[in-house]
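The following block contains the structure, expressed as structure tokens.
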Amino acid sequence: MEGVYRRALYRVDAREPFVMRVGCYSEGLQRLYETFDCRSAAFLTAANPGGVKVSDTVNFRAEARLAQQLDAFSLPVTSGVGLDADETSDWPGERSFLVLGIERSNAVRLGLQHAQLAIIWCPETAIPELLMLERETRE
């Protein structure tokens with residue numbers, strides 16, 4: 001499963017949309033850091049908990065809960081979609097959020113609360129990193 005996350009495309013629907021990839025510098029992300037004067041971000045979803053496909057209704061409800069939680073942080077948030085890089089895959093795009101300025105611990109906590117296997121952490125370098133949440137809880 002980790003390989004799927006590493007190869008995935010993380011589309012950010014900013015004013016100037018862009019795609020992030022794990023391990024690759026993102027100029028679009030760097031521009032958002034400069035625009036919003038921040039040094040970190042996380043790409044989060046509540047879709048398909050545990051890596052298991054669920055109904056659109058379940059995903060929409062989970063997304064609404066995550067959006068409500070994110071509102072409480074009062075941080076800039078941009079919508080996005082996590083996409084399987086394999087064009088023949090039947091895995092649906094997962095509606096997501098890029099949260100600018102969030103602390104890593106809060107991003108991990110939100111991922112765990114929504115039963116996600118992984119999140120995308122974006123440090124100051126603007127090079128997205130894959131965080132497998134099971135490992136994060138052991139460290």
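Answer with yes or no whether Arg31 is closer than 19 Å to Thr125 by Cβ, part of a helix (DSSP H, G or I) and either without any contact (Cβ under 8 Å) to a residue 24 or more places away in the chain or among the basic types (Lys, Arg) (or both). If you could, list the steps in order and put the result at the bottom.
Numbers: closer than 19 Å to Thr125 by Cβ: yes; part of a helix (DSSP H, G or I): yes; either without any contact (Cβ under 8 Å) to a residue 24 or more places away in the chain or among the basic types (Lys, Arg) (or both): yes.
Yes.
Collect the residues in segment 3-15 that are open to solvent by 50 Å² or more (accessible area, probe 1.4 Å), under 16 Å from Gly51 (Cβ atoms) and either of a type in the set (Asp, Glu) or in contact with a strand residue (DSSP E or B) (Cβ under 9 Å, 6 or more places away or on another chain) (or both), keeping them in residue-number order.
If the condition is that a residue be open to solvent by 50 Å² or more (accessible area, probe 1.4 Å), under 16 Å from Gly51 (Cβ atoms) and either of a type in the set (Asp, Glu) or in contact with a strand residue (DSSP E or B) (Cβ under 9 Å, 6 or more places away or on another chain) (or both), then Arg6 is the only one that fits.
Could you list, in sequence order, the residues of segment 120-130 that are closer than 13 Å to Arg6 by Cβ and either touching a Gly at 6+ places or on another chain (Cβ under 6 Å) or open to solvent by less than 10 Å² (accessible area, probe 1.4 Å) (or both)?
Selection gives Ile120, Pro128.
So Cys24 ticks every box in (1) open to solvent by 70 Å² or more (accessible area, probe 1.4 Å); (2) in a loop (DSSP other than H, G, I, E, B); (3) of a type outside the set (Ser, Thr, Tyr) but one. Which box is left unticked?
(1)
Failed condition for Ala47, given (1) in a helix (DSSP H, G or I); (2) on the phi < 0 side of the Ramachandran plot; (3) open to solvent by less than 90 Å² (accessible area, probe 1.4 Å), with all others met?
Evaluating Ala47 over (1) in a helix (DSSP H, G or I); (2) on the phi < 0 side of the Ramachandran plot; (3) open to solvent by less than 90 Å² (accessible area, probe 1.4 Å) leaves (1) as the failure.
When you go through (1) charged (D, E, K, R); (2) at pLDDT 95 or above; (3) touching a helix residue (DSSP H, G or I) at 6+ places or on another chain (Cβ under 6 Å) one by one for Arg109, which number turns out not to apply?
Every listed condition holds for Arg109 apart from (3).
Any residue in segment 79-88 that is touching a residue at least 40 places away in the same chain (Cβ under 8 Å), within 16 Å of Val12 (Cα to Cα), open to solvent by less than 20 Å² (accessible area, probe 1.4 Å) and touching a Phe, Trp or Tyr at 6+ places or on another chain (Cβ under 6 Å)?
Taking every residue of segment 79-88 in turn, at least one turns out to be touching a residue at least 40 places away in the same chain (Cβ under 8 Å), within 16 Å of Val12 (Cα to Cα), open to solvent by less than 20 Å² (accessible area, probe 1.4 Å) and touching a Phe, Trp or Tyr at 6+ places or on another chain (Cβ under 6 Å).
Moving on to the next point. For segment 53-139, list the strands (runs of 3 or more DSSP E) that sit wholly inside it and hold at least 1 residues that are touching a Ser or Thr at 6+ places or on another chain (Cβ under 8 Å); which are they?
77-83, 94-100, 118-122
Given the criterion among the basic types (Lys, Arg) and more than 15 Å from the chain's Cα centre (by Cα), identify the matching residue among Arg39, Arg7, Arg11, Arg21.
Details: Arg7 fails: more than 15 Å from the chain's Cα centre (by Cα); Arg11 fails: more than 15 Å from the chain's Cα centre (by Cα); Arg21 fails: more than 15 Å from the chain's Cα centre (by Cα).
Just a single option satisfies the conditions, and that option is Arg39.
For segment 120-134, enumerate the residues that are over 16 Å from Leu29 (Cα atoms) and in contact (Cβ under 8 Å) with a residue 60 or more places away in the chain.
Within segment 120-134, just Met132 meets the criteria.
The values are calculated or read from the model by the stated rules, or taken from the named source; none is laboratory data. A quick note: this is a predicted structure, and the numbers were derived from the prediction, not measured. Ideal geometry is used to build each Cβ from the backbone, glycine not excepted, and the neighbour counts take in all protein chains shown. Keep in mind that these areas ignore ligands, DNA and RNA; they rest on the heavy atoms of the full protein, side chains included. Shrake-Rupley method; radii C 1.70, N 1.55, O 1.52, S 1.80 Å.
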